[in-house]
1. Has region 265-278 got at least one residue that is exposed (fewer than 13 other Cβ atoms within 10 Å of the Cβ), in a strand (DSSP E or B) and on the phi > 0 side of the Ramachandran plot?
2. Which ones in region 14-50 are in a helix (DSSP H, G or I), more than 21 Å from Ile193 (Cα to Cα) and of a type outside the set (S, T, N, Q)?
3. Give the residue, chosen from Leu229, Leu201, that is within 23 Å of Ile58 (Cβ to Cβ) and not in a loop (DSSP other than H, G, I, E, B).
4. Report the residue count in region 234-264 for those that are closer than 16 Å to Arg300 by Cβ, of a type in the set (A, V, I, L, M, F, W, C) and either outside any strand (DSSP E or B) or modelled with pLDDT of 95 or more (or both).
5. Which count do you get for residues in region 285-337 that are under 35 Å from the mean Cα position of the chain (by Cα) and either polar (S, T, N, Q) or over 30 Å from Glu240 (Cβ atoms) (or both)?
6. Filter region 243-255 for residues that are in contact (Cβ under 8 Å) with a residue 24 or more places away in the chain and not hydrophobic (A, V, I, L, M, F, W, C) and give the result.
7. If I ask for residues that are surrounded by 14 or more Cβ atoms within 10 Å (Cβ to Cβ) and more than 16 Å from the chain's Cα centre (by Cα), which ones from region 190-208 would you list?
8. Working only within region 286-298, note down all residues that are surrounded by 11 or more Cβ atoms within 10 Å (Cβ to Cβ) and free of Cβ contacts under 8 Å to residues at least 40 places away in the same chain.
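The values are calculated or read from the model by the stated rules, or taken from the named source; none is laboratory data. This one's a predicted model, so the numbers in the text were calculated from it and none came from an experiment. Glycine also receives a Cβ, built like all others from the backbone with ideal geometry; neighbour counts cover every protein chain displayed.
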Amino acid sequence: MKTMVAGRQNFRDYYQILEISDQAAPEEIKRSFRRLARRYHPDMNPGDKVAEDKFKDINEAYEILSDEGRRSQYDRFKDAFNTMNRRKPKRNGNRAADRDFQDFDRFVEDLLNREPERGDRIDPKSPHAYDGPRTIKTERPPRSKASSPKSKKSATATKAEPRSSYRLERKRDVEARLSLPLEKAFNGGRERIRLEDGRSLEVDMPPGMRDGQKIRLRNQGINSGDLYLKISVEPHARFEVRGNDVFCQVPITPTEAVLGGPVEVPTLNGLVKMNVPPGIKMGQRLRLANKGFPSEDEQRGDQLVELQITIPTTLTPEEKELYQKLRAIESFTPRKDLLS
């Protein structure tokens, strides 16, 4: 956020910037900010300096008007500024008028560039007094005697002194939600995210993220606060995460169930071959070691494979003939106990 330089010519009407009235409700302020932030976002206007400056103004305006206390202070400043602009300059006594505007400049700078805090108020005798909370500032060096307005040369030197740096708002942590496919949560990698304030970030996601997990991104919040991403893992059509283990169902043919043998099984790392023992039962589970999710100690869980014996619905003439021959010679009777 750029630092505001106070002054009559530098006044910014934040209501005009956000294209709202000064009576706008908080919801209207947020809606207008989101609409304008999307329109003027640098990602949407690459290389457009005008759009970039507009985007900065929009963010600055929203930071002021979205905070109730800061907005109240700004409204008082705006009224004071308009009153000052309506004053007619005196032909005589220009020094007094200039000194009055210097006081006003300090008032503007304190109002827009300091961090709000409950506490003391400005001297009520000042023509620019207001009842809002005062703000904390960084210490500025005491004014030397050489800067007295008695000396024209020293007064010029005082004007040239750089002003102290201020913070527009205290640093604040924010939270955002990020929905990921299961494979992305498992493998990690670079992900581009767009925040509600219009910013776009590229984040290196760690592998093995869980549903509900929070990831801390330092200095990506408000004014160098932290950004917390709450991870939401999307449901998968094939896999289900159960603790550190991954569960899935795999169909096999009747002959594979009877004879056993190698069967290709999908995992989060790709296809692997699993050996099915002969005579496997419907619903029986086999375990693939170290094919699950990584735990906090970087040890991986297992993949549990539930076998589903699937009956073919269509047969070639040759297959049908073989099944008929098998039925004629098979000795297995699954209903033996029911017939006795």
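1. Yes, region 265-278 has at least one match.
2. Selection gives Tyr14, Tyr15, Ile17, Pro26, Glu27, Glu28, Ile29, Lys49, Val50.
3. Just a single option satisfies the conditions, and that option is Leu201.
4. Result for region 234-264: 4.
5. Residues flagged as under 35 Å from the mean Cα position of the chain (by Cα) and either polar (S, T, N, Q) or over 30 Å from Glu240 (Cβ atoms) (or both) within region 285-337 amount to 4.
6. Gly243, Asn244, Asp245, Gln249, Pro251, Thr253, Pro254
7. Passing the criteria: only Gly208.
8. Scanning region 286-298 gives Leu286, Arg287, Leu288, Asn290.
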